[in-house]
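Visitor: Provided herewith is a single structure, encoded as structure tokens, for subsequent inquiry.
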Amino acid sequence: MSSPRIVRRALAVALVAVVVATVATAGVASVLAGSTAGAATTAEPSANDWSHPHHDARYSGFNPHATGPTTEVGPTWVTRVGSVETAVSPTVADGTVYVGNRDGRVVAMDAETGRVDWRANVEGVVTTAAAVGPERAFVVAQTVAEGDGTEPDSFAVVAVDRETGEVDWRYPLAVDGKPYVHAEDALTYADGRVFVAAFAGGRDVESASVAFAVDAASGEEVWRHVAERPGEYHLAAPVVADGVVYLLDGGYGANRSTYVTGVDAARGDEVFEVALDVQGQSLLYANGTAYVVGDALATVDVAANGTPVVGRVDGVNATPFERVAIANGTLYAAVGSVGSPSAVAAYDLATGAERWRAPADYVDTAPAVTRTMVVVGTLGEGVVAFDRDTGERLWSQNPHEHFGVDRPVAVVNDTVYLYAPWHVYALGDEGTAVAGGFLGALGDLLQENAALGLLVGTLATAALVGVGYGLVVVAAGRFGLSRSPPTFLAARLFRTAPADVSRGKRVAAGLVASVAVAFAYGVLGSAATLLAPLLSSVGLPGGLLFVLGPVTGVVAGVFVVGGAWWLLVNRVLPADESLLDAPLATVRREWALVHVGYLLALAVVYPFVQFIVLLLVFRPI
């Protein structure tokens with residue numbers, strides 16, 4: 001047989017090995033990634049829903065119909081949604097959970113099962129939580145400008161059909177004469193319209209606070225309100241109550257005023273504007289009063305003649321710049337030092353008296369209040385729930401120990417919905433789900449012991465190497481190469497004459513070869529794995545240790561696969577060439593090419609297998 005022909009056939013065998021290993025790798029990846037199917041239903045969000053990032057268009061943070069979980073609280077489902085940099089929280093309406101991410105997608109999931117109904121591509125970074133209307137979910141998407149950074153990013157309101165996940169319309173946020181328009185806080189849906197606040201300005205241009213009202217069905221602008229103000233300032237999400245849109249412009253710096261403006265929701269006419277001597281950061285509405293949260297708690301009431309009446313709740317020690325929640329005359333807030341609140345407190349709004357205070361490790365979200373409990377996200381403990389009346393700690397659950405929970409949670413009925421890197425979690429009674437299903441549970445077990453995790457990863461890789469080698473041994477003869485090595489291997493194993501070796505016995509011989517190669521590779525790889533901690537303890541640089549894994553994998557592969565070839569052609573094959581189906585030199589050359597091709601296939605597939613194994617075992621994010 002000519003050498004070119006031998007090379008072509010050996011390469012064909014190697015190609016089969018690559019395809020088999022790649023398909024196996026893709027299968028594991030598909031399990032980790034999850035699937036998308038189904039269709040969401042639509043209905044008008046009710047008071048029991050959590051249709052905005054802080055429950056409703058008033059941003060009260062209070063769901064009077066919800067209770068929250070109470071018994072052996074844990075995840076009832078976990079769904080992967082994408083980017084670790086997701087900057088928004090889930091909202092829930094009519095049995096569907098909505099969340100956006102920085103990959104430019106809005107994801108809709110079944111609230112009971114976590115099944116993904118659809119993923120909508122909104123062409124940009126999603127910067128706000130979804131505000132949910134009867135037929136559409138609305139987000140703000142940011143498009144990053146290309147080039148050298150001199151051009152500003154652009155922002156747009158995007159409407160996604162709740163049933164199909166199709167983008168219905170896109171409304172660019174733009175102001176003539178002001179090239180820079182920035183909108184990253186939440187937007188609000190109310191009475192068939194979408195309201196969003198934006199900062200507009202540019203170099204050598206007077207800055208302005210701009211509120212847009214957009215028709216929810218058509219995406220057409222209904223009105224805009226522009227307030228020219230010098231400098232830079234923080235804009236809170238628009239709050240809509242009793243036919244008025246409340247807007248907050250919080251100036252930066254100790255001597256900058258905060259403005260609260262009331263705009264008629266239907267016509268866009270300004271109802272009032274008032275300046276406050278607080279550093280306002282957020283706004284909410286409850287019990288007929290607008291509350292401005294910052295370095296103090298200010299109130300704005302609108303008299304019957306339309307005149308704003310400004311007040312202050314003395315005694316409230318809410319952490320500056322943190323949002324609060326209000327329920328039935330009580331204010332719930334994260335308290336402690338600026339930037340690292342260490343407790344949750346409840347205050348009487350009428351007197352400012354503190355009702356209770358409960359410690360928590362770095363409270364990083366606004367409270368979500370139900371009929372019975374107050375739920376917060378923390379960086380140190382994950383999600384923590386307190387009794388609403390007494391402040392007694394009820395439970396805590398940390399879905400991601402590396403990051404905690406730094407996005408506001410949503411509570412509907414007896415379930416808490418939250419985002420932690422890559423995933424949305426539903427916390428309920430007696431929940432036991434883990435990210436990644438069975439593979440995630442296995443990863444949790446292995447993650448507790450790094451050495452064990454690496455060892456199992458090495459053995460898993462060894463199993464793949466062995467299976468691939470067994471397939472090569474069995475398949476080589478079907479590509480016109482010599483069948484003598486698997487035939488004589490089977491004859492030795494079954495103590496029979498080579499002429500009596502059947503196809504089934506050759507397959508069994510391939511299986512034995514798989515086990516032998518996997519065992520040998522596992523021993524060498526495990527020895528290298530267990531050697532790594534020792535090398536680390538004597539001061540070997542971490543970067544070198546990182547390279548050591550792939551290098552030892554390749555070296556082990558060369559030793560094991562090369563050794564298998566040597567055993568086949570020097571110990572398994574008989575010395576009498578007349579018993580072979582080809583000259584001994586030809587058999588050695590053919591099977592040398594087969595083994596070299598298999599090593600090349602391993603070099604292509606091995607890094608992907610190792611990457612998936614390491615993600616499963618360590619899950620760094």
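The values are calculated or read from the model by the stated rules, or taken from the named source; none is laboratory data. Note that the structure is predicted; figures quoted are calculated from it, not measured. Don't worry about glycine lacking a Cβ; one is built from the backbone with ideal geometry, like all the others, and counts go over all protein chains shown. Calculation scope for accessible area: heavy atoms of the full protein, side chains included, ligands and nucleic acids excluded. Shrake-Rupley method; radii C 1.70, N 1.55, O 1.52, S 1.80 Å.
Visitor: Starting from the stretch 349-374, take each residue that is in contact (Cβ under 8 Å) with a residue 12 or more places away in the chain and under 10 Å from residue 388 (Cα atoms) and list its partners that are hydroxyl-bearing (Ser, Thr, Tyr) and open to solvent by 60 Å² or more (accessible area, probe 1.4 Å), counting only C-beta distances under 9 angstrom and pairs at least six apart or across chains.
Guide: 356/390; 372/70; 373/70
Visitor: Look through the stretch 418-437, keep the residues that are crowded, with 24+ Cβ neighbours inside 10 Å and more than 9 Å from residue 399 (Cβ to Cβ), and return whichever of them is modelled with the highest pLDDT.
Guide: 426
Visitor: Among the residues that make up the stretch 483-497, is at least one of them open to solvent by less than 10 Å² (accessible area, probe 1.4 Å), closer than 24 Å to residue 586 by Cβ and either of a type in the set (S, T, N, Q) or at pLDDT below 80 (or both)?
Guide: yes
Visitor: Which of the residues spanning the stretch 558-598 are small (Gly, Ala, Ser) and within 18 Å of residue 491 (Cα to Cα)?
Guide: Selection gives 564, 575, 578, 582.
Visitor: Out of the residues in the stretch 226-250 meeting the condition of being open to solvent by 20 Å² or more (accessible area, probe 1.4 Å) and at pLDDT 90 or above, tell me which one is nearest to residue 157 (Cα to Cα).
Guide: The qualifying residue nearest to residue 157 (Cα to Cα) is 226.
Visitor: Related question: Output the residue which, of all residues in the stretch 375-389 that are free of Cβ contacts under 8 Å to residues at least 40 places away in the same chain and more than 21 Å from residue 402 (Cβ to Cβ), is nearest to the chain's Cα centre (by Cα).
Guide: Here the residue is 387.
Visitor: Take the residues in the stretch 390-426 that are more than 23 Å from residue 128 (Cβ to Cβ) and among the hydrophobic types (A, V, I, L, M, F, W, C), then tell me which one is farthest from the chain's Cα centre (by Cα).
Guide: 394
Visitor: Could you give every pair whose Cβ atoms fall below 9 Å, whose first residue belongs to the stretch 574-603 and is in contact (Cβ under 8 Å) with a residue 60 or more places away in the chain and assigned to a helix (DSSP H, G or I), and whose second residue is basic (Lys, Arg) and buried (at least 16 other Cβ atoms within 10 Å of the Cβ), counting only separations of at least 6 or pairs across chains?
Guide: Partner pairs satisfying both residue conditions: 590/9; 593/9; 594/9.
Visitor: Continuing with the same structure: Hey, does the stretch 98-109 have a residue that's open to solvent by less than 40 Å² (accessible area, probe 1.4 Å), in contact (Cβ under 8 Å) with a residue 40 or more places away in the chain and not in a strand (DSSP E or B)?
Guide: No: zero hits.
Visitor: Suppose we filter the stretch 311-329 for residues that are at pLDDT below 80 and under 14 Å from residue 290 (Cα atoms); how many remain? Spell out how you get there, then give the answer.
Guide: Just the residues of the stretch 311-329 that are at pLDDT below 80, to begin with: 315-323.
Next, from what is left, pick out any that are under 14 Å from residue 290 (Cα atoms): 323.
The total comes to 1.
Visitor: Can you tell me how many residues in the stretch 280-310 are surrounded by 17 or more Cβ atoms within 10 Å (Cβ to Cβ), part of a loop (DSSP other than H, G, I, E, B) and aliphatic (A, V, I, L, M)?
Guide: Looking only at that region, the number is 1.
Visitor: Right, another one. Which of (1) assigned to a strand (DSSP E or B); (2) in contact with a His (Cβ under 7 Å, 6 or more places away or on another chain); (3) surrounded by fewer than 18 Cβ atoms within 10 Å (Cβ to Cβ); (4) not acidic (Asp, Glu) is the odd one out, the single condition residue 211 does not satisfy?
Guide: All conditions pass for residue 211, except number (3).
Visitor: Going by the structure shown, is residue 377 crowded, with 19+ Cβ neighbours inside 10 Å and not hydrophobic (A, V, I, L, M, F, W, C)?
Guide: Against the criterion (crowded, with 19+ Cβ neighbours inside 10 Å and not hydrophobic (A, V, I, L, M, F, W, C)), residue 377 qualifies.
Visitor: Consider the stretch 389-417. How many of its residues are surrounded by 24 or more Cβ atoms within 10 Å (Cβ to Cβ) and of a type in the set (D, E, K, R)?
Guide: 0
Visitor: Provide a single number: the residues in the stretch 175-206 that are hydroxyl-bearing (Ser, Thr, Tyr) and open to solvent by 10 Å² or more (accessible area, probe 1.4 Å).
Guide: At the first step, the residues of the stretch 175-206 found to be hydroxyl-bearing (Ser, Thr, Tyr) are 180, 188-189.
Retained after the next criterion (residues that are open to solvent by 10 Å² or more (accessible area, probe 1.4 Å)): 180, 189.
The qualifying residues number 2.
Visitor: I'm checking my understanding of the structure. Among residues of the stretch 503-537 that are hydroxyl-bearing (Ser, Thr, Tyr) and touching a helix residue (DSSP H, G or I) at 6+ places or on another chain (Cβ under 8 Å), which one is modelled with the lowest pLDDT?
Guide: 536
Visitor: Give me the residue from the stretch 214-224 that is open to solvent by 20 Å² or more (accessible area, probe 1.4 Å) and either among the aromatic types (Phe, Trp, Tyr) or in a strand (DSSP E or B) (or both) and, out of that set, farthest from residue 127 (Cα to Cα). Reasoning before the result, please.
Guide: Looking only at the stretch 214-224, we keep the residues that are open to solvent by 20 Å² or more (accessible area, probe 1.4 Å), and these are 215, 217-218, 220-222, 224.
Now drop any that are not either among the aromatic types (Phe, Trp, Tyr) or in a strand (DSSP E or B) (or both), which leaves 215, 221-222, 224.
On the way: 215: 20, 221: 21, 222: 23, 224: 21 Å.
Among those residues, the one meeting the criterion is 222.
Visitor: Looking only at the stretch 45-59, which residues are open to solvent by 10 Å² or more (accessible area, probe 1.4 Å) and touching a Leu at 6+ places or on another chain (Cβ under 8 Å)?
Guide: Correct list: 54, 58.
Visitor: May I ask you to verify whether residue 584 is at pLDDT below 65 and out of contact with any Leu (no Cβ under 6 Å at 6 or more places or on another chain)?
Guide: no
Visitor: Okay, next question. Pick out, from the stretch 317-394, the strands (runs of 3 or more DSSP E) lying fully within it that include 1 or more residues that are closer than 24 Å to residue 426 by Cα and among the hydroxyl-bearing types (Ser, Thr, Tyr).
Guide: By residue number, 330-337, 373-378.
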